[in-house]
1. Let me spell it out: the conditions are (1) surrounded by 13 or more Cβ atoms within 10 Å (Cβ to Cβ); (2) at pLDDT 70 or above; (3) of a type in the set (Asp, Glu), and Asp263 meets all of them except one. Which number is the exception?
2. Of the numbered conditions (1) in contact (Cβ under 8 Å) with a residue 40 or more places away in the chain; (2) more than 17 Å from Tyr436 (Cα to Cα); (3) of a type outside the set (D, E, K, R), Leu389 satisfies every one except a single condition; which is it?
3. Please specify each residue of the range 315-331 satisfying the condition of being open to solvent by less than 40 Å² (accessible area, probe 1.4 Å) and under 15 Å from Gln346 (Cβ atoms).
4. Look at the range 374-403 and say how many of its residues are open to solvent by 50 Å² or more (accessible area, probe 1.4 Å) and part of a helix (DSSP H, G or I).
5. Enumerate the pairs (first residue in the range 222-244 and among the acidic types (Asp, Glu); second residue anywhere and open to solvent by less than 90 Å² (accessible area, probe 1.4 Å) and outside any strand (DSSP E or B)) with beta-carbon separation below 7 Å, excluding pairs fewer than 6 apart on the same chain, so at least 6 apart or on different chains.
6. Out of Glu344, Glu365, which single residue is under 27 Å from the mean Cα position of the chain (by Cα) and assigned to a loop (DSSP other than H, G, I, E, B)?
7. Looking only at the range 230-252, how many residues end up being assigned to a loop (DSSP other than H, G, I, E, B) and farther than 11 Å from Tyr176 by Cα?
8. Quick test for you: out of Leu340, Leu355, Leu391, Leu351, pick the one residue that is in contact with a Pro (Cβ under 7 Å, 6 or more places away or on another chain), modelled with pLDDT of 85 or more and within 25 Å of Phe321 (Cα to Cα).
Amino acid sequence: MLLPLRLGVIVGLLVLAWLLACLGMVGLSEEDITQRPLLGWRRKVKNIIAKIMCMTYRAGGMSVVVKGRQASRSQAPILVIAPHSTFLDAVIVYVTGFPSIIVRKESGSNPWLGKLINYTQPVYVRREDHDSRQKTVQELINRVNSKEDWSQMLIFPEGTCTNRSCLITFKPGAFYPGLPIQPVLIRYPNKVDTVTWTWEGPGVIKLMWLTLVQPQSVCEIEFLPVYTPSEIERRDPKLYAHNVRQLMARALGIPTLDYTYDDCKLVSRAKKLSFSKTSPLVRAHQLRVKIGLSRKQKEEELLLEKPGIMRKTQIINYQQFAEILEHPTSDPDLQELFSLYDREDQGYIDLREYLLSVVLVNKSERKAEMVHQAFEVFGGKVTSQEFDLILGLVFQMSSYEINSIFAEIDINNNGYITYEEFEEDAVGRQEFSLIYGSRIRRPSTPKDETKTK
């Protein structure tokens with residue numbers, strides 16, 4: 001009984017807020033929304049919408065507890081919110097009076113939520129525009145430095161959702177203007193966590209259902225004192241972002257971790273390639289992110305500087321591995337990364353296997369793309385040993401199985417095969433049926449023994 005009642009009230013309030021947003025935007029063009037602040041009756045409607053949206057949270061059983069005091073725009077033109085862990089964090093937008101946000105242009109075009117998003121007078125990000133990041137930063141700087149009566153800007157500097165166990169790297173966008181900001185903390189001090197929404201799941205519908213069936217949930221919002229940057233921080237947005245993150249982490253009592261949104265996407269991509277969470281390939285990329293190698297991109301630089309490096313065996317020890325990646329040998333995470341490729345504990349690895357694993361996950365969305373990319377890395381055709389590296393990484397097959405497949409494909413004993421030859425053979429093999437499909441296999445042509453004598 002509780003769930004349908006709550007849903008009915010929430011839907012009714014959302015419809016009312018949407019109608020008011022439609023009314024408030026009557027006669028406004030996109031230029032009006034982005035170039036001039038809303039004033040007069042339109043701003044009053046904006047405040048009413050914010051209150052109605054706060055009511056939707058209360059109707060859903062969420063109690064919002066506010067600590068501290070929100071600064072004015074003159075004191076802090078930007079509100080920095082962390083940690084970001086759920087779509088329900090949107091409550092901060094309504095509690096703070098509907099400040100402007102940074103949002104994708106596509107979201108503003110949504111016929112339902114788009115009306116509410118556009119009423120915040122957001123700064124749009126246009127992904128199809130290669131210069132979008134620079135334009136967004138410039139628009140942000142112009143907006144917060146404007147003498148007109150704009151709302152505050154509200155930014156989640158982490159750029160993605162986490163599980164609140166740490167603060168990941170803050171993007172520097174909010175800190176480029178070099179103006180005072182107000183840090184704002186979000187906590188969910190509930191016995192049962194029904195809100196955390198990361199790339200690993202669960203999905204939106206499940207989280208909404210779990211939250212709505214709870215008797216009550218609590219969201220705690222704390223406004224910290226305004227942070228005024230030093231002269232050094234004004235000149236260095238990354239330092240400014242780092243120092244604010246440290247301050248917020250101390251207030252939350254959690255550590256910081258140098259992950260970025262792109263790092264999270266990288267690990268997520270490795271998992272989406274249908275590898276188990278314990279797969280060495282997935283673990284390797286988790287370690288690369290933790291160490292910071294994913295941002296340095298030393299592996300790709302090496303492939304560009306030495307294009308022939310993949311054509312011959314590159315056996316190296318741990319010391320050489322650390323030197324190549326320009327990382328301290330004392331780092332236990334680097335030692336674990338090396339050990340993933342030193343499966344027989346001999347103290348040596350084939351550098352090509354490591355480089356290949358980096359490239360394949362960085363540039364592929366599906367396993368078929370991984371195999372195709374691997375053939376391209378090796379110049380379009382591969383030897384038996386190179387084929388062993390590729391299929392061992394992508395499919396975790398034994399060398400015996402891989403050598404048997406290679407022998408069947410290389411019927412002319414050329415000593416190499418092309419991707420087209422592999423793909424032709426893979427269609428119909430049970431081992432690859434989920435990726436390349438299946439068909440009735442023709443019997444393989446026996447090798448001409450006279451050619452080998």
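1. (2)
2. Of everything listed in (1) in contact (Cβ under 8 Å) with a residue 40 or more places away in the chain; (2) more than 17 Å from Tyr436 (Cα to Cα); (3) of a type outside the set (D, E, K, R), Leu389 misses just condition (1).
3. Filtering the range 315-331 down to residues open to solvent by less than 40 Å² (accessible area, probe 1.4 Å) leaves 316, 321-322, 325, 327, 331.
Passing the criteria: Ile316, Phe321.
4. Of the residues in the range 374-403, 6 are open to solvent by 50 Å² or more (accessible area, probe 1.4 Å) and part of a helix (DSSP H, G or I).
5. Partner pairs satisfying both residue conditions: Glu222/Gly68; Glu233/Leu239; Glu233/Tyr240; Glu233/Asn243.
6. Values: Glu344 fails: under 27 Å from the mean Cα position of the chain (by Cα).
Only one candidate passes the filter, namely Glu365.
7. Number satisfying all stated conditions: 1.
8. Values: Leu355 fails: in contact with a Pro (Cβ under 7 Å, 6 or more places away or on another chain); Leu391 fails: in contact with a Pro (Cβ under 7 Å, 6 or more places away or on another chain); Leu351 fails: in contact with a Pro (Cβ under 7 Å, 6 or more places away or on another chain).
Only one candidate qualifies: Leu340.
The values are calculated or read from the model by the stated rules, or taken from the named source; none is laboratory data. Not measured: the values here are computed from a predicted model. Glycine gets a Cβ as well: all are built from the backbone with ideal geometry, and neighbour counts include every protein chain shown. What goes into the accessible areas is simple: the full protein's heavy atoms, side chains included, and nothing from ligands, DNA or RNA. Shrake-Rupley method; radii C 1.70, N 1.55, O 1.52, S 1.80 Å.
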